[in-house]
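To keep things clear, I will list the structure first and then write my remarks on it.
The values are calculated or read from the model by the stated rules, or taken from the named source; none is laboratory data. Quick caveat, the model's predicted, so the values are computed rather than measured. In this analysis, Cβ positions are derived from the backbone assuming ideal geometry, glycine residues included, and neighbour counts consider all displayed protein chains.
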Amino acid sequence: MSEYLVSIEHERLSFFTPAGEVKALNDVSFYISEGEVLGIVGESGSGKSVTAYSLMGLTAHPGKLLGGTLDFNGHRVNDMTEKEFRKMRGNEVSIIFQDPMTSLNPVYTIGNQIREALKLHTDKNKAERQARAIELLELVGINEPEKRLKQYPHELSGGMRQRVMIAIALACEPKLLIADEPTTALDVTIQAQILELMMELKDKLGMAIMMITHDLGVVASMCDHIAVMYAGNIVEYGTTDDIFYNPKHEYTKGLLRSIPRMDSREHERLVPIEGTPVDLLNPPKGCPFASRCDNCMQICLREKAPVTHFGDIHYTSCWMNQKAELEGGEEK
Amino acid sequence: MFKYILKRLGIAVVTIWLIATLTFFLMNMVPGGPFLSEKAVSPAAMAALEAKYGLDKPLLQQYVTYIGDALHGDFGDSLKQRGRTVTSIIATKFPVSARIGGLAVLAAFCIGVPLGCISAMNRGKLGDSIIIVIATCGIAVPSFVICTVLMYTFGVRLGWLPTLGLGSWKHYIMPVTALAFYPTAYITRLMRSSMLDVLGQDYMRTARAKGVSQFASLFKHALRNAILPVVTYLGPLLAYTVTGSFIVEKIFTIPGLGGEFIGSITNRDYTVIMGTTIFLATLMILMNVVVDIVYKLVDPRIKLK
Amino acid sequence: MKENPNPLSFQARINPDDFLPASNEEKQSLVIMRESVSFWKDGVRRFRKNKVAMVSLAVVILIMIFSFVVPFFYPYTYEQQIRGSEHLAPMQYSEQEQELRASGEHVFPHILGTDKLGRDYAIRVMMGSRISLIVGLVAAVIILVIGSAFGSIAAFFGGWVDILMMRVVDIIYTIPDILLIVLLSFALKAPLEALGMMPGFKWIQLLGRNLISIFIVFALLYWGGMARMVRSQILTLKESEYVTAARALGAGTARIIKKHLLTNCIGTLIVTTTLQIPSSIFTESFLSFLGLGVAVPMPSLGSLASDAINGINTYPHLLFIPAALISLIILSFNLLGDGLRDAFDPKMKN
């Protein structure tokens, strides 16, 4: 269908809650090639996870896909049945969740939970599954795998459990690994270890990774491309260098100003982004970031900005860029 | 594990002793006695009776004698049913109640758990509403109402089922239904809310993300977690139910322990009261220990202390 | 300089004024804040939206009117025996009454018939539900007070006090409650009667000795569950971070109890108390069945139903009316309690 592993075009998704329609995704498009690492950055509620879940057919109850096309590995995800989804999940695409403390079933052993994925998607026999489980634990850097397999989740530390989650996710060598804030709930030192492990495994196994995070530091070190999301829109998309060294959207600029930098001068201050995220129940009709934007203009209040392209990859939707173009077609 | 059971048994013995003591003195504090209601008992005969059973001695001495005998497994003779020991009364009456009660708890478990699951899985849909309405009605109807309605409809009006005694399997249907009614409704509600809780847990999402089907994830991942509150409820329920329900036994004229117990209280059959109370309390405590152990088996996180 | 690929399509719609900076006010006007609602307001809003709970609230209010207000306007009283009117079917008149009616007098119909002593059944059912409701409400309050006091003391002192107090609860749980109920109601008979004779305690006679002993039984036996719940609630809250935070900010114990513990417990307390009412009514009906309920001629729904059991083959309506009413009362209180829980239990939010 397409040369990409993942291609999402103009996805719109809403949650129909008792309080009204929550427009979680408004026209989201992006592509991931095989073996590519895409970072999706944004604050809570910006639609990062919703996008990933919808790709796996895991959209939670009142959520409904309203438009757009989602393609993954040759499947048109839009018209897949639950049965087809089941065959795909854990096999072609896997996911690691934010909180390893609650993501493993407390009443089953680690081994049981790893072997379950193998049982579902491979025709390995019992002994082979056990061997593969041991191999997987070794792969994710857990020592004494035979002993660990017999342990229950509560007997392991948070970092250990996240490694187990990764082992489960990689059990069937998926083409895409979705990491939904995989390190948010972990200690900083453990965070680095887990990220390093993921990169190592990526090089070894060659899968693509969709890294969902609100931590720019995480994406900087590992991603090829970055999509910045705000209020259900991708406001800027580009290579890691584009985003970090040539940000075009006011929100991206704000994000970068709010993180500490190693090379900063001594008294340079961190600048927080003022204001609160938009209420997706009543999204504004103009630019969703307008109310928090320092360079907000009249038109921003009224109308959504069109996409401005900078080269083949880098694009953004911000009126500032339109203004620049109109005022004399400034060089990109 | 062994140490734990030993410790629990130690606590159990102390608790049972406390309950026995409390019951003994409370029972004796209440005005009236076992032989008051009997007509035409001359004061002399009464004194003779009391002397025979040791009721003329000071209370404390009676207490010491009783506890001493009980420790040797001798719970005395019934004061009202001549020539029968308390142990033999319990031994003949308990199995009757236990059979009906056991069947009722089994039925309640086998119906309540699936209904609760179905209801939780279909949250907010018609099936859920129907089940939850029926279950809420179920916990709202007193058991004597259920008994009489069953009896009136199936026994008297339709004549399908026998109403008295326990002659054949048909005799069991109504008492078991009546006894199972409330627990079934309660377990359904309990199971539903606990299942809803579990279905919202992260590990259920993990299971689905692994490609487990909804049905399989319910059985493998949700049920074992969701059943824990039901297990907790089941222990005391079993202890209560197998010792017989006075109402059910009275209405369906079943010679069970529940009726015996109430009868002994109103008759002031002191030894039977004591014996049955100690029996009930022991069963209750035993069930609680069993529940704790089952809990440990189902949920590896639990540490038995 | 590169040619702009499509400047015209924009220029058509955009004039230079559009790129003027927007003022802060204009920016703020975009922010539609969802009105922030307090815990209580939010709860009430959610409760109002719950149709089942609103219907059960309406039913509870209706039953209360039916049992507390209507009897004042009703021409018969619950103990009045009308000779010749025994065992009338609903809306039936006895011969005398028919004669009276023939002579042009107005006779109020026996809407639900009469019982074996010729007492109007409708008023007896009303009085019965009044007693049942009183039992349910008073018992719930007693249990609430004793249970929450006991539970919070145990939780606050902790240590061996806690262990000891919870042991007491365990023991009360383990003793067969029926034994205590029966023994207590026998034991309380004489002292209450004596007390009723004393000046200033006339109200005991008025309420009925059995009713009082039922309350005492509830007070002694059924607060265990409430105590356990309050204790565990307070223990969890004591450990919670916001209480630690409040303490770190220098809040005194009184303020912590008032501001944090109470407001967080109160939802659960209300719910548990509401759910206690049906269970007390349940127990009272069971006691009436055993003959330990309210004293004759005072009816309760339980005693009405159990009186009717013997005559069920000939007069089934005498059983079904009070039985249905008990079930309705218990059902609506249960649904009301469920609704309150859904609305006010912070953990159940969304």
Looking only at the stretch C:237-253, decide whether some residue is part of a helix (DSSP H, G or I) and touching a residue at least 40 places away in the same chain (Cβ under 8 Å). yes
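Condition first: touching a residue at least 60 places away in the same chain (Cβ under 8 Å) and over 13 Å from B:A207 (Cα atoms). Can you find one or more residues in the stretch A:87-96 that meet it? Give the derivation first.
Keep residues of the stretch A:87-96 that are touching a residue at least 60 places away in the same chain (Cβ under 8 Å), which gives A:90-96.
Narrowing the set further to residues that are over 13 Å from B:A207 (Cα atoms) leaves A:92-93.
Yes, the stretch A:87-96 has at least one match.
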Single match in B:V86, B:V145, B:V113 (criterion: in contact with a helix residue (DSSP H, G or I) (Cβ under 6 Å, 6 or more places away or on another chain) and within 14 Å of chain C (Cβ to nearest Cβ)): B:V145
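What are the residues in the stretch B:35-70 that are part of a helix (DSSP H, G or I), among the β-branched types (V, I, T) and modelled with pLDDT under 80, if any?
Filtering the stretch B:35-70 for residues part of a helix (DSSP H, G or I) gives B:43-52, B:59-70.
Going one step further and asking which of them are among the β-branched types (V, I, T), we end up with B:64-65, B:67.
Within the stretch B:35-70, no residue meets the criteria.
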Considering C:F218, C:F150, which residue is in contact with a Ser or Thr (Cβ under 8 Å, 6 or more places away or on another chain) and either of a type in the set (D, E) or closer than 17 Å to C:A139 by Cα (or both)? C:F218
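Filtering the stretch B:255-280 down to residues that are outside any helix (DSSP H, G or I) and surrounded by fewer than 24 Cβ atoms within 10 Å (Cβ to Cβ), which residue is modelled with the lowest pLDDT?
First, pick out the residues of the stretch B:255-280 that are outside any helix (DSSP H, G or I): B:255-256, B:268-269.
Now drop any that are not surrounded by fewer than 24 Cβ atoms within 10 Å (Cβ to Cβ), which leaves B:255, B:268-269.
Details: B:P255: 86, B:R268: 79, B:D269: 83.
Step by step, filter the stretch B:255-280, then rank; the result is B:R268.
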Evaluate the stretch B:158-177: report whether one residue or more is buried (at least 21 other Cβ atoms within 10 Å of the Cβ), among the β-branched types (V, I, T) and more than 14 Å from chain A (Cβ to nearest Cβ). yes
Apart from one, (1) within 13 Å of chain B (Cβ to nearest Cβ); (2) within 23 Å of the chain's Cα centre (by Cα); (3) surrounded by fewer than 16 Cβ atoms within 10 Å (Cβ to Cβ) all hold for C:G225; the odd one out is (3)
Which residue out of C:A53, C:A89 is more than 30 Å from C:I266 (Cα to Cα), modelled with pLDDT of 70 or more and touching a Gly at 6+ places or on another chain (Cβ under 9 Å)? C:A89
Among (1) without any contact (Cβ under 8 Å) to a residue 24 or more places away in the chain; (2) outside any helix (DSSP H, G or I); (3) aliphatic (A, V, I, L, M), where does A:A192 come up short? (2)
Does the stretch A:288-308 contain at least one residue that is more than 8 Å from every other protein chain (Cβ to nearest Cβ), at pLDDT 80 or above and at positive phi? no
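Out of everything in the stretch C:285-298 that is facing chain B (nearest Cβ under 10 Å) and in contact (Cβ under 8 Å) with a residue 24 or more places away in the chain, what residue ends up being nearest to the chain's Cα centre (by Cα)? Step through it out loud before you land on a result.
Pass one, the stretch C:285-298, residues facing chain B (nearest Cβ under 10 Å): C:285-286, C:288-292.
Pick out the ones that are also in contact (Cβ under 8 Å) with a residue 24 or more places away in the chain and you get C:285, C:290, C:292.
Values: C:S285: 16, C:L290: 24, C:L292: 23 Å.
It comes out as C:S285.
For the stretch A:222-319, which helices (runs of 4 or more DSSP H) that fit wholly inside it have 2 or more residues that are more than 30 Å from A:L201 (Cα to Cα)? Before the answer, list the steps.
Numbers: elements: A:240-245, A:250-257, A:298-302.
Where helices (runs of 4 or more DSSP H) fall fully within the stretch A:222-319 and carry at least 2 residues being more than 30 Å from A:L201 (Cα to Cα), they are A:250-257, A:298-302.
Every residue in the stretch B:212-229 that is within 7 Å of another protein chain (Cβ to nearest Cβ) and either part of a helix (DSSP H, G or I) or in contact with a Leu (Cβ under 6 Å, 6 or more places away or on another chain) (or both), please.
B:H221, B:R224, B:N225
I'd like the full set of residues that are within 15 Å of C:F282 (Cα to Cα) and at the interface with another protein chain (Cβ under 9 Å from one of its Cβ atoms), limited to the stretch B:121-142. Write out each step before concluding.
Initially, the stretch B:121-142 is screened for residues within 15 Å of C:F282 (Cα to Cα), giving B:136-142.
Passing the criteria: B:T136, B:C137, B:I139, B:A140, B:V141, B:P142.
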I'm trying to understand the selection: among the residues of the stretch A:315-328, which are more than 7 Å from chain C (Cβ to nearest Cβ) and either crowded, with 21+ Cβ neighbours inside 10 Å or over 12 Å from A:G238 (Cβ atoms) (or both)? A:T316, A:S317, A:C318, A:W319, A:M320, A:N321, A:A324, A:E327, A:G328
For the stretch A:68-106 the number of residues that are within 30 Å of A:Y152 (Cβ to Cβ) and in a loop (DSSP other than H, G, I, E, B) is 9
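Condition check ((1) surrounded by 19 or more Cβ atoms within 10 Å (Cβ to Cβ); (2) more than 9 Å from every other protein chain (Cβ to nearest Cβ)) across all residues:
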position	(1), (2)
A:G42	yes, yes
A:L70	yes, yes
A:R86	yes, no
A:S103	yes, no
A:G141	no, yes
If you go through the stretch A:168-224 one residue at a time, how many are polar (S, T, N, Q) and at pLDDT 90 or above? 0
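Looking at B:L161, B:L196, which one is over 22 Å from B:N225 (Cβ atoms), touching a Lys or Arg at 6+ places or on another chain (Cβ under 7 Å) and aliphatic (A, V, I, L, M)?
On the way: B:L196 fails: over 22 Å from B:N225 (Cβ atoms).
None of the others qualify; the one that does is B:L161.
This table checks each residue for (1) at pLDDT below 75; (2) surrounded by fewer than 21 Cβ atoms within 10 Å (Cβ to Cβ); (3) over 30 Å from C:F66 (Cα atoms); (4) within 11 Å of chain B (Cβ to nearest Cβ).
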{"residue": "C:A245", "(1), (2), (3), (4)": "no, yes, yes, no"}
{"residue": "C:T272", "(1), (2), (3), (4)": "no, no, no, no"}
{"residue": "C:S300", "(1), (2), (3), (4)": "no, no, no, no"}
{"residue": "C:A305", "(1), (2), (3), (4)": "no, no, no, yes"}
{"residue": "C:L335", "(1), (2), (3), (4)": "no, no, no, yes"}
Hey, can you tell me all the residues within the stretch A:267-287 that are at the interface with chain C (Cβ under 9 Å from one of its Cβ atoms) and buried (at least 18 other Cβ atoms within 10 Å of the Cβ)? A:V278, A:P284, A:G286
Which of the numbered conditions does A:G111 fail, given that it passes all the others? Conditions: (1) at pLDDT below 90; (2) part of a helix (DSSP H, G or I). (1)
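For the stretch B:126-142, how many residues are assigned to a helix (DSSP H, G or I) and touching a helix residue (DSSP H, G or I) at 6+ places or on another chain (Cβ under 7 Å)? Walk me through it before giving the result.
Applying the first criterion (assigned to a helix (DSSP H, G or I)) to the stretch B:126-142 yields B:126-138.
Remaining after also requiring touching a helix residue (DSSP H, G or I) at 6+ places or on another chain (Cβ under 7 Å): B:127-128, B:131-132, B:135-138.
Within the stretch B:126-142, residues that are assigned to a helix (DSSP H, G or I) and touching a helix residue (DSSP H, G or I) at 6+ places or on another chain (Cβ under 7 Å) number 8.
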Between a first residue in the stretch B:181-210 that is at the interface with another protein chain (Cβ under 10 Å from one of its Cβ atoms) and closer than 19 Å to A:S103 by Cβ and a second residue that is in a loop (DSSP other than H, G, I, E, B) and small (G, A, S), which pairs have beta carbons less than 6 Å apart while being 6 or more apart in sequence or on different chains? B:K210/A:G90
